[in-house]
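Report on the structure given below.
Readers should treat all values here as calculations from the given coordinates under stated rules, not as data from a laboratory. Please read all numbers here as calculations on a predicted model, not as lab measurements. FYI the Cβ positions are ideal-geometry reconstructions off the backbone, even for glycines, and counts take in every protein chain you see.
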Amino acid sequence: MREVDIAVIGAGPAGLAAALACGRSGATTLLVDYMDAPGGQLIKQTHKFFGSERQFAGTRGIQIPDIFINQLSKMPNVALMWGANASGYYADSGVLTLEDGGKFIKVKAKRVIIATGAAEKALAFENNDLPGVYGAGAVQTLMNVHGVKPGDRVLMVGSGNIGLIVSYQLIQAHVEVVALVEAAGCIGGYLVHAAKLRRAGVPILTSHTIVRALGEQTVRGAVVAQVDHSWQVKPGSEREVACDVICLAVGLTPLVDMMWQAGCEMRYVPALGGHVPVRDENMRASNPAVYVAGDAGGVEEASSAMISGEIAGISAAKSLGFEVEGADARLSQLKADLAAIRSGPTGEKICAGIERAMVCGGEW
Amino acid sequence: MAERETQDDNIVICRCEDITLSEIRDLIAQGYHTIDEIKRVSRAGMGPCQGRTCRQLIARELAIALGVPIEQVEMPTFRPPSRPVLLSTIARGEADE
């Protein structure tokens, strides 16, 4: 059985930042991802990041994994493992089970940082299993990673930033977005993204939902309708739109299977996307060997994931006695950066959610 | 009513095990009132995605049927493996390092 100080599960923005912090501290670190290449959602984020320079403002998401990997691969105390499925965590022994190319591997880790990200939420509507019904993540992967158009006419469901950005990327790929429907009375994402769609002539139908997909073998259209304040379809408001793709961007939910397995105290926080581990300010869960980072701790975006990842990394290493000079100052800086990212109108909901997920008093 | 049933027959809740909304509603009506119970009798959530698609949809149905907020719907037990692993991989035992 392999032994490491810290195992980081998931090499998206949070896991990469966590592993780098662990690596710098001198702790033996194993970074695992089940995909064949690191980066998580960054591999499809073709847009430039904004915010501060510390969070890679001006850099495209797809360029960020290499920046981390270049540093990580020079660290003798850091091991990287791609295409490896972390399938279980046994809290009584601190043992992780991994599958790597058909081989079963056990790793005993003194600390585990769970940076497994989030999964897309599904939507129940008639014929939702017709080919042509996609999650927004799949559409983005097809277009931005593989260069494949998902179809010619897309109905987008959901107006959070993912729905808005993927719609715009579809237009950039010369795919028609026939409409965007949003069940709430106003858009969920940033106005700047929605404005781009409106300028491109895309109708944004708020207080609307999808009732059913149309088609026999594949999607040929959809029935959309208005909803009232209790989300019920207004009779007589149904109408058909022609499309060959229905793209669902109805939110994400943290992927926390391993936190449940680890016996961590969990709390249902809708503002963070679902069940999340209760944590302290240093991202430690109720199981003292387990830390959480990024969307697994609450759905936000890549910049805050990198910050919470670094906080988790520094803290996990520190708890084992690995500490670089200035670690405390860096932690304060990171927490201030996180607060700054969460300021502003959209951050309010997140802040309220984080407060609910935080252990009483901020420390265990 | 007949039309309603047909509609629910065409709404897939668990994609891995091909279980529809009408099947889930039937089970709730029969008295299966937790996600774990529904999982045991129908296999919903036991496929390759391990409930990542259906878990929240079933929780929502339970919340509506039982008249409770969704956070009061008990989550199922999470056991390894959280992603599919071939039995032969485990049977071969731990790889030599």
Taking a crude spin-label model, label points 7 Å out from Cα along the C-beta direction, the A:Glu323 to A:Glu238 distance in nm is 6.5
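What is the antiparallel percent of DSSP beta bridges lying wholly in chain A, to the nearest 5? Walk me through the intermediate numbers first.
Working: 33 of 68 bridges.
So the antiparallel bridges in chain A amount to around 50 percent.
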Less than 15 Å Cβ to Cβ from A:Asn161, Lys/Arg counted +1 and Asp/Glu -1: what total charge do the surrounding residues give? +1
Label points 7 Å out from Cα along the Cβ direction at A:Ser332 and A:Asp92: separation in nm? 4.4
Which stretch or stretches of the stretch A:235-276 have amide N atoms under 15 Å from the point lying 7 Å from A:Ala173's Cα along the Cα→Cβ direction? A:244-249
Can you grab the distance from the C-alpha centre of the stretch B:1-64 to the C-alpha centre of the stretch A:81-115, Å, no decimals? 31
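Shape verdict for the stretch A:28-134, please, from the Cα gyration tensor: rounded (a/c under 1.5), prolate (a/b greater than b/c) or oblate. Please report the intermediate quantities before stating the final value.
Values: a/c = 2.14, a/b = 1.12, b/c = 1.91.
Oblate, because a/c is 1.5 or more while a/b does not exceed b/c.
Restrict the search to the stretch B:49-92; then list the GluC sites (Glu not before Pro) that DSSP places in a loop and that have at most 14 other Cβ atoms within 10 Å of their Cβ. Working shown, then result.
On the way: sites: B:Glu61, B:Glu71, B:Glu74; in loops: B:Glu74.
Here the sparse-neighbourhood loop sites are B:Glu74.
So which chymotrypsin sites (Phe, Trp or Tyr not before Pro) in the stretch A:1-92 end up in coil per DSSP with only 15 or fewer other C-beta atoms within 10 Å?
On the way: sites: A:Tyr34, A:Phe49, A:Phe50, A:Phe56, A:Phe68, A:Trp82, A:Tyr89, A:Tyr90; in loops: A:Tyr34, A:Phe49, A:Phe50, A:Phe56, A:Trp82.
Listed in order of number, the matching sites are A:Phe50, A:Trp82.
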Proximal lysines relative to A:Lys74, as straight alpha-carbon distance under 30 Å, when same-chain residues fewer than 8 apart are discounted: A:Lys44, A:Lys48, A:Lys103, A:Lys106, A:Lys108, A:Lys110, A:Lys318, A:Lys335
Length added when fully stretched, A:Thr206-A:Lys74, from 0.36 nm per residue minus Cα-Cα: 42.5 nm
Give me the net charge for the shell around A:Asn144: Cβ to Cβ below 13 angstrom, other residues only, Lys and Arg +1, Asp and Glu -1. +3
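Have a look at the DSSP beta bridges in the stretch A:122-248 and tell me what percent are antiparallel, nearest 5. Mind showing how you got there, number by number?
Working: 11 of 27 bridges.
For the stretch A:122-248, the DSSP antiparallel bridge percentage is about 40.
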Qualifying chymotrypsin sites (Phe, Trp or Tyr not before Pro) in the stretch A:201-309, DSSP loop, other Cβ atoms within 10 Å at most 14: A:Trp231
Report the label-to-label distance for B:Gln30 and A:Glu3 in nanometres (one decimal), using points 7 Å from each Cα along the Cα→Cβ vector. 5.1
Among the lysines, select those whose C-alpha is under 26 Å from the C-alpha of B:Lys39, and discard any that sit fewer than 8 residues away in the same chain. A:Lys121
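Which FRET efficiency value, to the nearest 0.05, is calculated for A:Ser230 and A:Glu348 with the Förster distance at 30 angstrom and r the Cβ-Cβ distance?
Working: r = 24 Å, r/R0 = 0.81.
That pair, A:Ser230 with A:Glu348, gives E of 0.80.
Determine the sum of side-chain charges near A:Arg60: Lys and Arg each +1, Asp and Glu each -1, restricted to other residues whose C-beta is under 14 angstrom from that of A:Arg60. Write down the numbers at each step before the final one.
On the way: positive: A:Lys44, A:Lys48; negative: A:Asp66.
With Lys, Arg at +1 and Asp, Glu at -1, the net is +1.
Helix-derived [θ] at 222 nm for chain A: sum -39500 (n - 2.57) over DSSP H runs of at least 4, divide by residue count, nearest 500?
Details: 9 runs with 99 residues, N = 364.
Rounded to the nearest 500, it is -8000 deg cm²/dmol.
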Looking only at Cβ-Cβ distances, which cysteines of chain B have no other cysteine closer than 4.7 Å? B:Cys16, B:Cys49
